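Here the structure comes first, spelled out in structure tokens, and everything after it is commentary.
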Ligand code: SF4
Ligand code: SF4
């Protein structure tokens, strides 16, 4: 089973949930797909056994073969190519914007002149490691690199189907999150009971409903803010899987980089119950199809 931990915005405690859930269960693999700011390693302190450079193929144009037909520009959905056709005896030009390129390969496929070849552009690194019996994989996007989805896909190539996989997804509701959660059996949405938390929760719920992935909510710092997140979940028939209090003990543990299950054993039972709850909801969702 693949369980993704998601939040509509950063700073809600998504990684805390991912790490503590991973440490509470057996036969687990954790994937940190928050590649712009991976931090699960700070709490797990895994031994990294392998680092694999991640790259995407970007086009390079041989202008000696190019007739400036503009087909590559037309096919590029990401506006990563500009073609200036020459006139009045002036030579044309093809400009490639590698930071916009998703490495889809469509331009080289459609260039009838064979003027485009692909060259690898390094975007980051995938780290593979372990902590005791826990398998660990994360991705680190190079500073200044904009394209996180290709790196997230490369991290997900290491999914071990013989284990329960926990994915720490990037925050938000855009392409990187969708890339991270695609193929998940269940999503845990971590939020907080504030107006911002509610706003971003609603957006994340819309995304997961479109993707048809079953999900439930964890309310972190549940004793601050107001009751609107709970009312929303009730009204939308969304299960509240767990409530985590606003506690000094958790905050201190977090600031020390120590997962709360390592300090307070009662939390391990809570995270095991969370997993059992997820399995129950998932089975119910499967049987209703
Ligand atoms: S499709 Fe090929 S020939 Fe046409 S403009 Fe692009 S690189 Fe040049
Ligand atoms: S590989 Fe895809 S995204 Fe990159 S420039 Fe070509 S068509 Fe655009």
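Round to a whole angstrom and tell me the spacing of the C-alpha centers of the stretch 42-76 and the stretch 222-269.
Each part reduced to its Cα centre gives a spacing of 40 Å.
Place a label point 7 angstrom from the Cα of residue 65 along the Cα-to-Cβ direction, then list the residues of the stretch 117-150 whose backbone nitrogen is under 11 Å away.
Residues 117-118 fall inside that zone.
For the residues 269, 138, what sequence is obtained by ranking on other C-beta atoms within 10 Å, fewest first?
Values: 269 11, 138 25.
Sorted ascending by nearby Cβ count, the order is 269, 138.
Please figure out what share of the DSSP beta bridges in the stretch 117-247 is antiparallel and state it in percent, rounded to the nearest 5. All intermediate terms of the calculation are to be shown ahead of the outcome.
Working: 8 of 17 bridges.
In the stretch 117-247, DSSP labels about 45 percent of beta bridges as antiparallel.
First measure r as the distance between the Cβ atoms of residue 146 and residue 266, then evaluate 1/(1 + (r/R0)^6) with R0 = 35 Å and state the FRET efficiency to the nearest 0.05. Intermediate values should be presented prior to the final figure.
On the way: r = 43 Å, r/R0 = 1.22.
The calculated FRET efficiency here is 0.25.
Counting each pair of different Cα atoms once, what's the Kirkwood radius of the stretch 1-149 in Å, rounded to one decimal? Can you show the working numbers first?
On the way: mean 1/r = 0.0551 Å⁻¹.
Result for the stretch 1-149, one decimal place: 18.2 Å.
At 0.36 nm per residue, minus the direct Cα-Cα distance, what do residue 226 and residue 282 gain on full extension? Give it in nm, one decimal, please.
Working: separation 56, 0.36 × 56 = 20.16 nm, distance 2.89 nm.
My answer for the length gained is 17.3 nm.
Roughly how tilted is helix 195-211, in degrees to the nearest 10 and between 0 and 90, from the longest Cα axis of the chain?
70
Output the antiparallel fraction of DSSP beta bridges having both residues in the chain, as a percent to the nearest 5.
On the way: 26 of 52 bridges.
If I count the DSSP bridges inside the chain, around 50 percent turn out antiparallel.
How big is the gap, in Å, between the Cα center of the stretch 83-130 and the Cα center of the stretch 139-187?
24
If one takes the longest principal axis of the Cα atoms in the chain, at what angle in degrees, from 0 to 90 and to the nearest 10, does the Cα axis of helix 14-24 lie?
60
Can you give the angle from 0 to 90° between the axis of helix 266-288 and the longest principal axis of the chain, with both taken from C-alpha atoms, to the nearest 10?
For helix 266-288, the angle is close to 60 degrees.
Please report the orientation-averaged projected area of the stretch 207-289, defined via the convex hull of its C-alpha atoms, in nm². Display every interim value, and only then the final one.
Working: hull surface 27.2 nm².
Approximately 6.8 nm², given one-decimal rounding.
Give me 281, 3, 244 sorted ascending by neighbouring Cβ count inside 10 Å, so fewest comes first.
Values: 281 16, 3 24, 244 21.
Least crowded to most crowded, the residues run 281, 244, 3.
Once you place label points 7 Å from the Cα toward the Cβ at residue 252 and residue 87, how far apart are they in nm?
7.3
Picking from 19, 119, 207, which is most flexible by a Gaussian network model of the chain using Cα springs under 10 Å?
Answer for the Gaussian network model of the chain: 119.
For a footprinting-style exposure proxy, rank 287, 108, 148 by other Cβ within 10 Å, fewest first. Could the numbers behind the result be given before it?
On the way: 287 7, 108 19, 148 23.
Listing 287, 108, 148 from fewest to most nearby Cβ atoms yields 287, 108, 148.
Can you tell me which of 60, 51, 113 moves the most in a GNM of the chain? Springs connect C-alpha atoms under 10 Å apart.
Checking each option, the largest mean-square fluctuation is seen for 113.
Over all alpha-carbon pairs in the chain, figure out the percentage whose distance exceeds 29 Å. Spell out each step's value before the answer.
Details: 17464 of 41616 pairs.
Cα-Cα pairs of the chain separated by over 29 Å account for 42 percent.
Taken together, the values in this text are just the output of simple stated rules run on the coordinates, not laboratory data. Please read these numbers as outputs of a predicted model, since none were measured by experiment. FYI the Cβ positions are ideal-geometry reconstructions off the backbone, even for glycines, and counts take in every protein chain you see.
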